[in-house]
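See below for the structure under consideration.
The values are calculated or read from the model by the stated rules, or taken from the named source; none is laboratory data. As the structure is a computational prediction, the values presented were derived from the model and not from experiment. Reconstructed Cβ throughout: ideal geometry from the backbone, glycine too, with neighbour counts over all protein chains shown.
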Amino acid sequence: MSGEPQQRGLGAYLGLAVGDALGATVEFMTPREIQAAHGVHRRITGGGWLNLRVGAVTDDTTMSLALGGAVLASGGLDGRAMAEAFSQWMRDRPVDIGHTVRRGIIHYRRTGEIETPLNDNDAGNGACMRVLPVVLATLDQPLDMLHAACRLQGRITHHHPLSDAGTACVATMVRMAIQGCDAADLIQGPVEALVTAHPEFRFRGRREENPSGFIVHTLRAVFQALFDTDCFENCLVDVVNRGGDADTTGAIAGMIAGALYGESDIPASWRRALDPRVLEAVTAQTLDLMEMSLMEGSHRDLERAGGS
Ligand code: MN
Ligand code: MN
């Protein structure tokens, strides 16, 4: 795969990382606090409650890299390889980790099960924020296989219908954008389908500010910022200045907008600010995962599992 799809795939992974790095500075702040401290927050400066170095990323990006690494190392979509990679990622002491992610990984370590039991509290955004690698690895596969892969990786830590639905929607949006669809196609397709099945995701109306880690709040903020702007920079500035779970809204908006507008629309100053090791890792992984999606038979295990 080369040319435009590759440029948009790179845009998605780079967009995820810069959105995470940009948003982390203002995570858990209210819009009013951001305004007082930064005016409009629009530069990658590190800091924040995690006291990050300039250009450092957080769990949103590093869990994605762990998942992508597992897909590449196992040569396909293998739930146990994914769960092991998440477990190793937690052992490596990430700078931040969500409560649901931690509980899911501990459940896996105790039981060996790669799907946590259905849980009312599992509707956080943690499965959605890390979904990009399975999108890149299945671009040439049927959409059903992508959705099965979303559940496979997601339910290792998050087992809730709203997490499943929101994650599948975002994954489908990124896939369609990489394949050349525009914003209107994304609204008419996966976004309409999501709000029809789960009306709580309806995003028109009251402005979603200070979004929590609940997938519904997160995606309403992301959809508003994405569909009310027309370039990568404005989308990301809009979403992170809403505060709340800003590194994760930044990461999710960044992967969709990066796919939609392409790598070339990501501001050069943001790319330059990103930790060079992260830049190198996301670039290499994008190319390898997109290459894999063309490989005959690479996802045989998931096919056999019947997409459940
Ligand atoms: Mn984070
Ligand atoms: Mn977050």
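Residues that are more than 12 Å from ligand 1 (Cβ to nearest atom) and in a helix (DSSP H, G or I) were ranked within the stretch 242-260; the one that is farthest from the chain's Cα centre (by Cα) is Leu260. From the list Leu14, Leu22, the one residue that fits, being at pLDDT 95 or above, away from ligand 2 (no atom under 16 Å from the Cβ) and not in a loop (DSSP other than H, G, I, E, B), is Leu14. Selection over the stretch 121-141 of residues that are buried (at least 24 other Cβ atoms within 10 Å of the Cβ) and either within 16 Å of ligand 1 (Cβ to nearest atom) or of a type in the set (D, E, K, R) (or both) gives a count of 10.
The residues on offer are Phe214, Phe223, and the sole one that is touching a strand residue (DSSP E or B) at 6+ places or on another chain (Cβ under 8 Å), within 25 Å of Leu67 (Cα to Cα) and of a type in the set (A, V, I, L, M, F, W, C) is Phe214.
Can you tell me which residues in the stretch 241-265 are within 11 Å of ligand 2 (Cβ to nearest atom) and not acidic (Asp, Glu)? Matches in the stretch 241-265: Gly244, Ala246, Thr248, Thr249, Gly250, Ala251, Ile252.
Could you tell me whether the stretch 65-77 includes any residue that is in a loop (DSSP other than H, G, I, E, B), over 15 Å from the mean Cα position of the chain (by Cα) and closer than 21 Å to Val222 by Cβ? No, the conditions are met nowhere in the stretch 65-77. Among the conditions (1) more than 18 Å from Leu136 (Cβ to Cβ); (2) within 16 Å of the chain's Cα centre (by Cα); (3) surrounded by fewer than 20 Cβ atoms within 10 Å (Cβ to Cβ), the only one that Arg271 does not satisfy is (2). Report whether or not Leu287 is surrounded by fewer than 19 Cβ atoms within 10 Å (Cβ to Cβ) and either away from ligand 1 (no atom under 16 Å from the Cβ) or part of a helix (DSSP H, G or I) (or both). The answer is yes for Leu287.
With respect to the conditions (1) within 21 Å of Ala281 (Cβ to Cβ); (2) away from ligand 2 (no atom under 16 Å from the Cβ), Thr45 falls short on a single one, namely (1). Criterion first (out of contact with any Gly (no Cβ under 6 Å at 6 or more places or on another chain), under 29 Å from Trp49 (Cβ atoms) and either free of Cβ contacts under 8 Å to residues at least 24 places away in the same chain or within 16 Å of ligand 2 (Cβ to nearest atom) (or both)) does Thr196 satisfy it? No; evaluated as a whole, the condition is false for this residue.
So that you can scan it fast, the table gives a plain yes or no per residue for (1) of a type outside the set (S, T, N, Q); (2) within 19 Å of Met295 (Cα to Cα); (3) in contact with a Pro (Cβ under 8 Å, 6 or more places away or on another chain):
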position	(1), (2), (3)
Leu72	yes, yes, no
Gly76	yes, yes, no
Met82	yes, no, no
Glu115	yes, no, no
Val131	yes, no, no
Thr138	no, yes, no
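Could you go through the stretch 174-192 and let me know if any residue there is in a helix (DSSP H, G or I), within 16 Å of ligand 1 (Cβ to nearest atom) and not polar (S, T, N, Q). Looking for residues that are in a helix (DSSP H, G or I), within 16 Å of ligand 1 (Cβ to nearest atom) and not polar (S, T, N, Q), one finds none in the stretch 174-192, hence no. Figure legend. Inter-residue proximity from the stretch 47-69: first residues more than 20 Å from Met255 (Cβ to Cβ) and within 11 Å of ligand 1 (Cβ to nearest atom), second residues of a type in the set (A, V, I, L, M, F, W, C) and part of a loop (DSSP other than H, G, I, E, B), beta-carbon distance below 6 Å, spacing 6+ or different chains. Indicated pairs: Trp49/Phe28; Leu50/Val95. Residues of the stretch 99-120 that are touching a His at 6+ places or on another chain (Cβ under 9 Å) and surrounded by 11 or more Cβ atoms within 10 Å (Cβ to Cβ): Thr100, Val101, Gly104, Glu113, Glu115, Thr116, Asn119.
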